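Have a look at the structure below, then the notes.
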Amino acid sequence: MFEELKPRAPDPLLDTIRQFRGDPRPGKLDLGVGVFQDEQGRTPVLRSVKQAEALLLETQQTKTYLGAEGDVEFSRALGTAVLGHVFGDGRVIGLQAPGGTGALRLAADLIRVANPNAQIWLGLPTWPNHQPIFSAVGIPLRDYRHFDPGTQAICFDELRAAMKSATRGDVFVLHSSCHNPTGADFTIEQWQEIARTLNEYGLIPLLDTAYQGFARGLDEDMAGARHVFGNCPEAILTVSCSKNFGLYRERTGALFVRAADTAKADAVRTNLMGIARTNYSMPPDHGAAIVRTILQDARLRAEWEREVGEMRGKLNGVRQKLSGLRINSLDLSPLAKQNGMFATLPLGKLQIERLKEERGIYMAPSGRINIAGLMATDIDAFAAALRSVLIDAAA
Ligand code: LMR
């Protein structure tokens, strides 16, 4: 059976973690996978999470099965936190999922079942796992340019043109905030135009949400996505709790779908439960129980909001410092206006390889850096490393 099976190349982001861990150099820098690090370079368990876990340890009475939809109270609490007043009109269903990736895969399976002709449109560059997730279920993919790394600007006209050329029923994947990998987010006016254009051409948004609170604030970061979700007759939104709750390995996420009416919403819910059942049966509980406990307890919630604010403060502080750098033609000033954990630098393959080999600086092969991997004290060394590869390239 396995005679013809060829080895598969490792996932480039996850492989960066492996390479970084195997590097013995003391000054190495991990700007690869999107994991938050504080000013001491740690990725701590959040204080609110520790307290919720202690509470769960004391009060949890059983570990019996929930169901394919997971923890319903978790989905309700998270739905309200993510979608605000847009959640809860009976047309929106929520389902717990094994992480944001699991939510995207559920969404992909649902799209395939509901409309086998639908195409998925991705603005490039995008999170490198988007394309494999949708391809895995056989959905045809289309793309357009979201961002120009040279000017560090969003190519909004190209999104507009893509929407005009799409077929009714096609799905557009949009990043709710803190675009991964560019940090370049839409303005509220652009979100309003996106909602109008989606409706004009009968298209469906899929809003991928993994960094709520990392740009300006928990509500502020969702203003555009909420506008689109609430103004399109059908909409899909995936959530990851990996970053803003620091629950990476707990695989905690959710999928929210808005349907045309309550009957259709129920059809969506039961189909999703069937998809989940034949895939992993039901999602892991622990992370969702933590998030539910935090969101339902005013004191824990306030603590969590403070911690999200601290993570945001760290990210924005590093962004400000980076944005002061000018190295040859590389001007990082646009980073100050971008958001979240990532920026995509216009570096070539060779430069990225040299940063790794000569300086122990690890980043995604696309030139994406995880801003959270830098401490204030690393900026000078990072700038010197960039200068060395850029000056040689210019010479
Ligand atoms: C990233 O983009 O680095 C993160 O979302 C982690 C992942 O799973 O790829």
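The values are calculated or read from the model by the stated rules, or taken from the named source; none is laboratory data. As the structure is a prediction and not an experimental result, all values here were calculated from the model. Please note: Cβ atoms are built from the backbone with ideal geometry, for glycine as well, and neighbour counts cover all protein chains shown.
One residue is enough: does the stretch 119-128 have a residue meeting the conditions more than 23 Å from Gly224 (Cβ to Cβ) and under 16 Å from the mean Cα position of the chain (by Cα)? Yes: the stretch 119-128 contains one or more residues that are more than 23 Å from Gly224 (Cβ to Cβ) and under 16 Å from the mean Cα position of the chain (by Cα). Of the conditions (1) closer than 19 Å to Asn115 by Cβ; (2) surrounded by fewer than 24 Cβ atoms within 10 Å (Cβ to Cβ); (3) in contact with a strand residue (DSSP E or B) (Cβ under 9 Å, 6 or more places away or on another chain), Arg258 satisfies every one except a single condition; which number is it? Only one criterion in (1) closer than 19 Å to Asn115 by Cβ; (2) surrounded by fewer than 24 Cβ atoms within 10 Å (Cβ to Cβ); (3) in contact with a strand residue (DSSP E or B) (Cβ under 9 Å, 6 or more places away or on another chain) is unmet by Arg258, namely (2).
Somewhere in the stretch 2-25, is a residue touching a residue at least 12 places away in the same chain (Cβ under 8 Å), within 16 Å of the ligand (Cβ to nearest atom), surrounded by fewer than 16 Cβ atoms within 10 Å (Cβ to Cβ) and in a loop (DSSP other than H, G, I, E, B)? Within the stretch 2-25 (the criterion being touching a residue at least 12 places away in the same chain (Cβ under 8 Å), within 16 Å of the ligand (Cβ to nearest atom), surrounded by fewer than 16 Cβ atoms within 10 Å (Cβ to Cβ) and in a loop (DSSP other than H, G, I, E, B)), the answer is yes, since at least one residue qualifies.
Tell me, yes or no, whether the stretch 140-151 has at least one residue that is away from the ligand (no atom under 16 Å from the Cβ) and surrounded by 21 or more Cβ atoms within 10 Å (Cβ to Cβ). No. Report whether or not Tyr280 is modelled with pLDDT of 95 or more, surrounded by fewer than 17 Cβ atoms within 10 Å (Cβ to Cβ), assigned by TED's automatic domain parsing to the domain that holds Leu203 and of a type in the set (Phe, Trp, Tyr). For Tyr280, the condition - modelled with pLDDT of 95 or more, surrounded by fewer than 17 Cβ atoms within 10 Å (Cβ to Cβ), assigned by TED's automatic domain parsing to the domain that holds Leu203 and of a type in the set (Phe, Trp, Tyr) - is met.
Picking from residues in the stretch 188-219 that are of a type in the set (Ser, Thr, Tyr) and over 19 Å from the mean Cα position of the chain (by Cα), the one that is farthest from the ligand (Cβ to nearest atom) is Tyr201. Considering every residue within the stretch 31-54, establish whether at least one is within 16 Å of the ligand (Cβ to nearest atom), assigned to a strand (DSSP E or B) and either more than 30 Å from Leu386 (Cα to Cα) or of a type in the set (A, V, I, L, M) (or both). So far as the stretch 31-54 goes, yes, one or more of its residues are within 16 Å of the ligand (Cβ to nearest atom), assigned to a strand (DSSP E or B) and either more than 30 Å from Leu386 (Cα to Cα) or of a type in the set (A, V, I, L, M) (or both). Condition check for Gln190 on (1) within 30 Å of Met311 (Cβ to Cβ); (2) buried (at least 16 other Cβ atoms within 10 Å of the Cβ): one failure, at (2).
Run down Leu110, Leu104, Leu159 and say which single residue is more than 29 Å from Asp15 (Cβ to Cβ) and out of contact with any Gly (no Cβ under 8 Å at 6 or more places or on another chain).
Values: Leu104 fails: more than 29 Å from Asp15 (Cβ to Cβ); Leu159 fails: out of contact with any Gly (no Cβ under 8 Å at 6 or more places or on another chain).
Step by step, each of Leu110, Leu104, Leu159 is checked, and only Leu110 is more than 29 Å from Asp15 (Cβ to Cβ) and out of contact with any Gly (no Cβ under 8 Å at 6 or more places or on another chain).
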